[in-house]
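Take a look at the structure below.
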Amino acid sequence: MPALADLLLIRRVLRILLTAWNRAYDGQMRFSTRTLLLQVGAVALAVVLAAGAHLWLAYERLWTEAEQNALTLGRTLASDPVLRRTTAQIAAGAGTPPPAELASGPVMAAAESARASTGALFVVVTDEEGLRLAHPDPARLGERVSTPPDVALSGREETTRNTGTLGPSVGAKVPVHAPAGAPQGEGSVVGEVSVGYARSGVAEGLGADALAVGSTAVLALAAGVVASLALRRRLARLTLGLEPEDIGTLVQDQEAVLRGIDEGVVGVGRDGRVTVANDAARRFLGVDLTGERWDSASVPAELRELTAGDVPAEADGGTGRQLVVGERVLVASARRVVHAREELGWVVMLRDRTELRGLTRQLDAVGALSEALRAQRHEFSNQVHTVAGLLDLGEVAEARSVLGRLGATGPLSFPLEQAELLGDPSLQAFLGAKGIEASERGVVLRLGAETLVRNPVAAAQDVTTVLGNLVDNAVRAAVAGSPDAGGERWVEVELLDDGPTLHVVVADSGDGIGGIEPEQLFERGFTTAPPAAEQPGGHGLGLHLSRQLARRHGGDVWVISPGRPGGPGAVFGARIVGLTDEEKADRDSRLGRAGPRGRTGNG
């Protein structure tokens, strides 16, 4: 039978799945394969249960229909006037007619006619004692029926599922009532009609339903397998082919790396949302970006530009981009994340260079002072030789005069006059070093008439960065420009403190900025230096970074005068605002660090 073949196929599929699942449970298969087998097994189980339930309901429906058909046929025969009258006459007589007479009688004729026309297995009529008056086998006429007739002979109808002399059957038994004028009285039970259909015939009716159910089950199972395969492929893509154990290990490693490094890490997924931001990144940026859209995140636009669509995979070229965020100078770089030729997003690295920049400036000053000390040592040696020569010649008075001048001015004049106006020793040393560098290039660095710094500056690192960039640019402009009327190239610096604020003015003897818009000078990457002087991360960044540093606490850097060809050159102004002692204490508490209160340090 087709239905049986379908059921056997489903059974075989289930057996194969069970065997495969046992292997998977033993750890011989990948997780995605185990998941696929589990899904297919669940689909197969659901299909089998649904098919079984449907077949069972169809089976019960067919049995019920057979019982109702038998009951209807029995009622029809039991109400036949000829059958009622003949049965009543036989029941009223003494004994039962012989089988030969019954076989040719009207009851047998009516029963066989109904059986032949309906396809029933049997139509049996009995008298009030259960003796057969009609039966498909004439040899059994006059015998007692094989199944109890008590219910029908008591006047009630019933449906039956039993096995008689003709085999298993489903049927019904209906009482036969005496007609009017019968000796027993009208309505008395004088016999029964028993109708039955073969069970095999009922089961044959189930074949069509079983074929439809089996075919539907196979199609549903196939659809479930295809859907499971698609889900498996999707799962493998989402997990990048990694097993759960691999993912667990990867998460542990990620947490260990992200929490254990000082650099900030921000991960941006393919959908443009921030998927991870470690503690350092939250500390640097002052906000937790996890879950936000990167293109609208509350970070500087320059940082978001690092992940622009047209940026190459190695966007930073190994150097990174410097920017100011809050109180920090950061170096940011971004790289695409690619796995198996599939782009997964971006990773943005943040490195804190706040203290490093200050230390670099101080180191530059120390280096310049070291060069000055070496020069002074050389000059001092020459002066000593001069004194020794004068003493050998007996010129004691002249030797004494040389020693006097040496004691009053030192062996080498300090390149920064009126340095005592700077009440910050580090600022003196820094500008002194810049003065030495400028003098080596033929430029005089001098302090303006309005200079007065009474106390140590409140934003030492910002001051060295901003002032250093302005002085370096001014020296470069003085070297490239025209000397003044006296043939001197110079740079003039004026500094005036006002509490935690330092006002700075830097002018030079160069040719000015020409036709360049002042604001253009502060754009990142813009430079007026010749191409040969370009250095990675050097020109084109100083003024931009200086303005950012100054503005983070309310200060600024601007162009006071663009200058003119032939001199004097451009004049730049800066206002650098440091933190008060109370603001420093509040900042340290917010950043979770402790330290002595004072006026030095990063402002």
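Computed from the coordinates by the stated procedures, all read-outs in this text should not be read as laboratory data. Just so you know, these numbers come straight off a predicted model, no measurement behind them. Note: ideal-geometry Cβ built from the backbone for every residue, glycine included; neighbour counts use all protein chains shown.
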Long-range tail of P(r) for the stretch 139-184 (Cα pairs > 14 Å, %): 61
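Which of the GluC sites (Glu not before Pro) found in the stretch 64-172 are in a DSSP loop and have at most 16 neighbouring Cβ atoms, other than their own, within 10 Å? Display every interim value, and only then the final one.
Numbers: sites: Glu65, Glu67, Glu101, Glu112, Glu128, Glu129, Glu143, Glu157, Glu158; in loops: Glu128, Glu129, Glu143, Glu157.
Those that pass, being in a loop and sparsely packed, are Glu129, Glu143, Glu157.
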Along each principal axis, Cα extent of the stretch 68-219, largest first, Å: 66, 29, 25
Residue-span extension gain [Thr216 to Gln520] - 0.36 nm each, minus C-alpha spacing: 102.0 nm
Span from the the stretch 471-501 Cα centroid across to the the stretch 71-148 one, whole angstrom: 136
